[in-house]
Amino acid sequence: MAWNEPGGNNQDPWGGRRGNDGPPDLDQVIKKAMDKMGGLFGSKPPAGNSGGGFGPIVVIALIIGVLAALYDSVNIIDQREQAVVLRLGKYYETLGPGLQFKLPLIDTLIKENVTRVQSKSLKSKMLTEDENIVDVAISVQYVISDVKDYVLNVRDPQSSLVQAAESALRHEVGSSEMHFVLTEGRESLASEVHARTQKYLDSYGIGLTVSKVNLEGAHAPEEVQDAFLDVTKAREDEVRLRNEAETYANGIIPEARGQAQRQLEEANAYKEQVVAQAIGEASRFEQLLVEYQRSPEVTRERMYIDAVQGVLAKTPKVLMDVEGGNNMMYLPLDKIVGNRVSDSVSESGGQHLTASDLDKVTRQVMDEIRQRQPSIRRTREAR
């Protein structure tokens with residue numbers, strides 16, 4: 001039955017009776033609602049408080065608190081970020097990109113960028129294996145690989161990263177000589193520091209991955225910089241001279257090997273030639289022996305003629321026996337033939353001697369012999 005129907009005793013829902021004075025006062029309605037809420041929480045409004053302006057302020061504050069709690073429970077996580085949720089201070093879950101919710105006043109949400117490459121630099125004086133001091137500067141590039149470990153395992157991850165990188169650098173520099181650190185060992189040094197730093201970070205459970213280590217500088221202290229430059233120049237000269245010597249050796253050694261190989265091949269060819277010639281001479285001697293056994297006189301004369309022909313063929317001088325005496329006539333065929341050949345060559349325009357030229361020279365030699373024979377006979381008769 002409605003409160004304003006007949007028989008309803010004119011009772012309004014707020015506990016008052018409906019009179020003829022119009023609708024109830026709004027302040028009274030709010031005051032009664034606040035009193036009821038206060039009764040639920042075991043509190044009573046103070047005596048004598050009419051509640052004329054206190055009720056709306058409390059409601060507005062309550063509404064603002066509710067809206068603030070709702071706003072704090074809604075979080076937007078960027079595509080490059082991940083978030084760790086702590087519920088009452090304890091790890092609860094890891095949230096990915098998107099619109100995420102958490103319980104207000106209970107959950108704590110910590111967001112970190114897991115795609116950005118960050119960098120840390122450090123520079124320090126270090127002692128090398130050969131007890132020299134060098135100034136070394138490096139930069140370490142890294143990304144967050146595990147946001148949970150990054151947030152919860154270490155209080156200051158970046159400081160721990162710097163300390164791990166410095167420890168790895170000191171270990172590698174202390175195990176190397178100064179010359180190696182300052183010259184050809186720079187690249188390998190950066191690679192070793194990278195691997196050792198990552199090993200330290202993994203043992204810490206820090207949630208970071210080192211992407212690259214750059215060796216930005218390595219040089220001697222300023223106090224000894226001039227002396228070090230002199231030493232560096234001397235070492236560079238040493239390397240240059242060594243390279244020149246190696247270049248010369250690389251050029252001369254193959255040439256010497258080639259000459260040695262050529263001489264070996266020539267020696268082998270000469271050996272084969274001598275052996276083949278000896279075999280041929282032995283076979284010729286055996287055949288000649290057979291012929292000699294058949295006809296000794298003819299073979300002996302033929303061998304004599306061949307021997308004389310072989311000897312006389314190598315000399316330009318000819319000795320002729322004169323009939324009836326022991327005198328020998330000497331013909332300077334070398335000069336005669338040489339003059340005739342030069343004349344023939346000049347007449348023929350530098351061409352080779354022909355058969356007619358040779359016949360002409362032969363006739364001239366025979367004429368010279370005939371002209372000298374009477375004078376030789378007269379000389380014999382006079383004696």
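The values are calculated or read from the model by the stated rules, or taken from the named source; none is laboratory data. Here the structure is a predicted model, which means the values were calculated and not measured. When we count neighbours, we look across all protein chains shown, and the Cβ atoms used for this are built from the backbone with ideal geometry, even at glycine.
Structure data summary
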item: Near pairs, Cβ below 6 angstrom, 6+ apart or cross-chain, from the stretch 130-146 (within 18 Å of ALA218 (Cβ to Cβ) and in contact (Cβ under 8 Å) with a residue 12 or more places away in the chain) to any residue that is small (Gly, Ala, Ser) and exposed (fewer than 14 other Cβ atoms within 10 Å of the Cβ); result: ALA137/GLY217; SER139/SER119; SER139/SER121
item: Every residue from the stretch 225-283 that is over 30 Å from THR183 (Cα atoms) and polar (S, T, N, Q); result: GLN259, GLN261, GLN263, ASN268, GLN273, GLN277, SER283
item: Residues of the stretch 181-225 classified as of a type in the set (A, V, I, L, M, F, W, C), within 21 Å of the chain's Cα centre (by Cα), at pLDDT 85 or above and in a helix (DSSP H, G or I), total; result: 5
item: Test: GLN273 is without any contact (Cβ under 8 Å) to a residue 60 or more places away in the chain, part of a helix (DSSP H, G or I) and within 30 Å of MET303 (Cβ to Cβ); result: yes
item: VAL224 among the β-branched types (Val, Ile, Thr) and touching a His at 6+ places or on another chain (Cβ under 6 Å); result: no
item: Which numbered condition ASP149 misses (of (1) at pLDDT 85 or above; (2) farther than 30 Å from VAL173 by Cβ; (3) buried (at least 17 other Cβ atoms within 10 Å of the Cβ)); result: (2)
item: Any hit, the stretch 100-107, residues being in contact with a helix residue (DSSP H, G or I) (Cβ under 7 Å, 6 or more places away or on another chain) and either under 26 Å from ASN214 (Cα atoms) or among the basic types (Lys, Arg) (or both); result: yes
